[in-house]
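Participant: Take this structure first; my questions come after.
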Amino acid sequence: LSLLLPGTQDTEIQRKMERELRMRDGACKLLAACSRREQALEAAKSLQLCSRRVLAYMAELQRRNEAELLRRAARRPSDAGPADERLPCRGTVCVSDLRIPLMWKDTEYFRNKGELHRCAVFCLLQLGAEIYDTPMVLVDRTLTDICFESAVLFSEAGPDFELKVELYSAGLSGGAAQGSTPRKLATRLSTSLGRSSGKRVRAAMDGGPGSPPGNGGTGPLLLPAPSVPGPKFHLLAHAVLSLAEVQDGFRTHDLSIASSEESSFWLPLYGSMCCRLAAQPRCMATPVRSGFLRLQQPGTEAQSGTRLYCVLRGTDLLCYHEPSDAEAGLEPALTIAVNKETRIRATEREGRGQPHGMAVTNRFGGEEVTHTLLAESRAEAQRWMEAFWQHFYDMSQWKQCCDELMKIEVPPPRRPPAMLPRQGSLYHEMAIDPADDIEAVTDILTRRAGGRAPGTPPWLSLFEGSPPHGPPSGRAGSPSPPPARHPWGRPRTLSLDAKLSTLKGRGSQRAAPPQRSSPPSSSPSSSGSSSPAMEHDP
């Protein structure tokens, strides 16, 4: 890492890399401190994502440094290449509706037999230095497809892009028995053969698809995995998508499986995935050039043509009467097709021999239609010609993406990761604060019932006793203020049965004093168990 940083001018990438390194350290600490499975899985996923982003930023810095060295070397007169080298425009690539089918055995899926194998999976999508992740999904034999429906956008893609899709998996409890024996054997060998020899043996036994190349694997390069207890995500399958796979529709792509059935994180994949891969070049989505041109009719003078405001965008040259019509999205007065079959040539003003405009020719059926457009100056005509040449070059590089404008789905704002479903009953979910026992139990039971019902629940009488003696406050029937909550630390987890019996006993003890005989000074009307509400009636 230190070899890449000196001399580079890409401070933004350096800041991003430093940020990911800090987040990686934080994910390691969080993973070591997690006590719940869903938290540990999210921390392990964040650790994997940060490691991949750090490597992507390092590769991008290295690529830019090499490009800068090549540019400096090309400045020599002997190595000078063509002065004018065109570069294609950038574009947006969108992946959506990602589905990976599973191939369970009939005894597992239809008959629901055999050991329940469960895994947590997610996808990493990388294009250049941009890496995004999908939400995590729990997979078992009740699912036939792994679905990631949210769209992922890459806004700085070129026509030579390579989109890497990687599926990562981590085996959950109950499904780790399949891959536990080789790991135990490797651990015993590493401890019995010594530190140095044992490390080499263990690396050789653990090395497989998805491991770092230095350890014998063939998967993507990864940072050294920290020695932190907890779940580990492994590469399960991967694919590479390019411009040839772009299509405005749902399509199936090949998926390379990078694990074996003996792995604890293994899932029965078909070897294919389905998704919608769309691309939208900027030349198709945004105006390439706009300005006033004069449409010359055949056989008329240049000054007698119609002055129009022209916008070159996508496969059309849109001609409006005024710029306000284009901004308002009104229908253009004239539309001239501009596609891969369009021919354009410069025209000259009569008698001066200077390029003054351009002639745009299209073939409709067996007939050629030519529109002559004149610019206001020679420089303006040259700028329009350059815009047309660049536009044709962009269309030749993006190929089928320029046939028509593909729809790009805008993903919704990213929400915090949802908690995985808990495996347990109400007994295991009891987290009761000693400062407010009744409120905690009431909230939990009401939430389990599907919402707070109006009125007082009948089971609330189990927790209620007689009101404490003391000077009443407020009108009759007014509820007493809730007890003040004290800043407690971690709430205690108690048994529900023990809590109910304790509260019942507390209520019976509080109800006992009102049954005693009243003192001699009391009036006959106040004998027995009088309520505070009766004492304050006017």
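The values are calculated or read from the model by the stated rules, or taken from the named source; none is laboratory data. This one's a predicted model, so the numbers in the text were calculated from it and none came from an experiment. As a convention, Cβ positions derive from the backbone with ideal geometry for all residues, glycine included, and neighbour counts pool all protein chains shown. Areas reflect the complete protein model, heavy atoms only, side chains present, ligands, DNA and RNA absent. Shrake-Rupley method; radii C 1.70, N 1.55, O 1.52, S 1.80 Å.
Participant: When the residues of the range 257-295 are filtered to those that are of a type in the set (Phe, Trp, Tyr) and open to solvent by 30 Å² or more (accessible area, probe 1.4 Å), which remaining residue is farthest from Leu143 (Cα to Cα)?
Facilitator: Restricting attention to the range 257-295, the residues satisfying the condition of being of a type in the set (Phe, Trp, Tyr) are 265-266, 270, 292.
If we keep only those that are open to solvent by 30 Å² or more (accessible area, probe 1.4 Å) as well, we get 266, 270, 292.
Working: Trp266: 15, Tyr270: 14, Phe292: 59 Å.
That would be Phe292.
Participant: For the range 49-63, enumerate the residues that are of a type outside the set (Lys, Arg) and open to solvent by 40 Å² or more (accessible area, probe 1.4 Å).
Facilitator: Applying the first criterion (of a type outside the set (Lys, Arg)) to the range 49-63 yields 49-51, 54-62.
Answer for the range 49-63, where residues must be of a type outside the set (Lys, Arg) and open to solvent by 40 Å² or more (accessible area, probe 1.4 Å): Met58, Ala59, Gln62.
Participant: Hey, can you tell me all the residues within the range 17-54 that are closer than 10 Å to Pro231 by Cβ and outside any helix (DSSP H, G or I)?
Facilitator: Cys34
Participant: Restricting to the range 122-171, give me the number of residues that are basic (Lys, Arg) and open to solvent by less than 50 Å² (accessible area, probe 1.4 Å). Give the derivation first.
Facilitator: If we filter the range 122-171 for residues that are basic (Lys, Arg), which is where we start, we get 141, 164.
Remaining after also requiring open to solvent by less than 50 Å² (accessible area, probe 1.4 Å): 141.
Adding up the residues that qualify gives 1.
Participant: Pick out the one residue from Cys402, Cys319 that is under 29 Å from Gly249 (Cβ atoms) and surrounded by 17 or more Cβ atoms within 10 Å (Cβ to Cβ).
Facilitator: On the way: Cys319 fails: under 29 Å from Gly249 (Cβ atoms).
So the residue among Cys402, Cys319 that is under 29 Å from Gly249 (Cβ atoms) and surrounded by 17 or more Cβ atoms within 10 Å (Cβ to Cβ) is Cys402.
Participant: Check Glu66 against each of (1) open to solvent by 90 Å² or more (accessible area, probe 1.4 Å); (2) modelled with pLDDT under 85; (3) part of a helix (DSSP H, G or I) and name the one condition it does not meet.
Facilitator: Of (1) open to solvent by 90 Å² or more (accessible area, probe 1.4 Å); (2) modelled with pLDDT under 85; (3) part of a helix (DSSP H, G or I), only one is false for Glu66: (2).
Participant: Oh, and also: Could you please tell me which pairs satisfy a Cβ distance under 9 Å, a separation of 6+ or placement on different chains, a first residue in the range 24-50 that is under 19 Å from Leu124 (Cβ atoms), and a second residue that is open to solvent by less than 20 Å² (accessible area, probe 1.4 Å) and basic (Lys, Arg)?
Facilitator: Qualifying pairs under 9 Å: Ala27/Lys45.
Participant: Okay, moving on. When you scan the range 1-15, how many residues do you find that are part of a helix (DSSP H, G or I) and either at positive phi or modelled with pLDDT under 90 (or both)?
Facilitator: So the first thing to find is which residues in the range 1-15 are part of a helix (DSSP H, G or I), and the list is 11-15.
If we keep only those that are either at positive phi or modelled with pLDDT under 90 (or both) too, we end up with 11-14.
Residues meeting the conditions: 4.
Participant: If I go through the range 130-164 residue by residue, how many of them are closer than 19 Å to Gly91 by Cα and under 19 Å from the mean Cα position of the chain (by Cα)?
Facilitator: Here is the first cut: in the range 130-164, the ones closer than 19 Å to Gly91 by Cα are 130-132, 151-164.
This time we only want the ones that are under 19 Å from the mean Cα position of the chain (by Cα), so: 130-132, 151-157, 162-164.
Final tally of qualifying residues: 13.
Participant: Could you list all residues from the range 236-252 that are touching a Ser or Thr at 6+ places or on another chain (Cβ under 7 Å) and open to solvent by less than 30 Å² (accessible area, probe 1.4 Å)?
Facilitator: The initial filter retains those residues of the range 236-252 that are touching a Ser or Thr at 6+ places or on another chain (Cβ under 7 Å), namely 236-239, 252.
Scanning the range 236-252 gives Leu236, Ala237, Ala239.
Participant: How many residues does the range 142-162 contain that are of a type in the set (A, V, I, L, M) and under 29 Å from Glu262 (Cα atoms)? Walk me through it before giving the result.
Facilitator: Narrowing the range 142-162 to residues of a type in the set (A, V, I, L, M): 143, 146, 151-153, 157.
Those still in the list that are under 29 Å from Glu262 (Cα atoms) too: 143, 146.
Summing the residues that are of a type in the set (A, V, I, L, M) and under 29 Å from Glu262 (Cα atoms) in the range 142-162 gives 2.
Participant: Moving on. Applying the selection to the range 358-389, what residues are touching a helix residue (DSSP H, G or I) at 6+ places or on another chain (Cβ under 7 Å) and in a strand (DSSP E or B)? Full working, then the answer.
Facilitator: Residues of the range 358-389 touching a helix residue (DSSP H, G or I) at 6+ places or on another chain (Cβ under 7 Å): 358, 374-375.
Scanning the range 358-389 gives Met358, Leu374.
Participant: Can you give me the number of residues within the range 369-399 that are open to solvent by 90 Å² or more (accessible area, probe 1.4 Å) and not aromatic (Phe, Trp, Tyr)? Give the derivation first.
Facilitator: Going through the range 369-399, the residues open to solvent by 90 Å² or more (accessible area, probe 1.4 Å) turn out to be 376, 378, 382-383, 389, 399.
Remaining after also requiring not aromatic (Phe, Trp, Tyr): 376, 378, 382-383, 399.
Residues in the range 369-399 being open to solvent by 90 Å² or more (accessible area, probe 1.4 Å) and not aromatic (Phe, Trp, Tyr): 5 in total.
Participant: Would you check if there is a residue in the range 90-108 being hydrophobic (A, V, I, L, M, F, W, C), assigned by the TED database to the domain that holds Glu166 and modelled with pLDDT under 90?
Facilitator: Step one: filter the range 90-108 for residues hydrophobic (A, V, I, L, M, F, W, C), giving 93-95, 98, 100, 102-104.
With the extra rule that they be assigned by the TED database to the domain that holds Glu166, the set shrinks to 93-95, 98, 100, 102-104.
In the following step, the residues that additionally are modelled with pLDDT under 90 were identified as 103-104.
Yes, there is a match, as at least one residue in the range 90-108 is hydrophobic (A, V, I, L, M, F, W, C), assigned by the TED database to the domain that holds Glu166 and modelled with pLDDT under 90.
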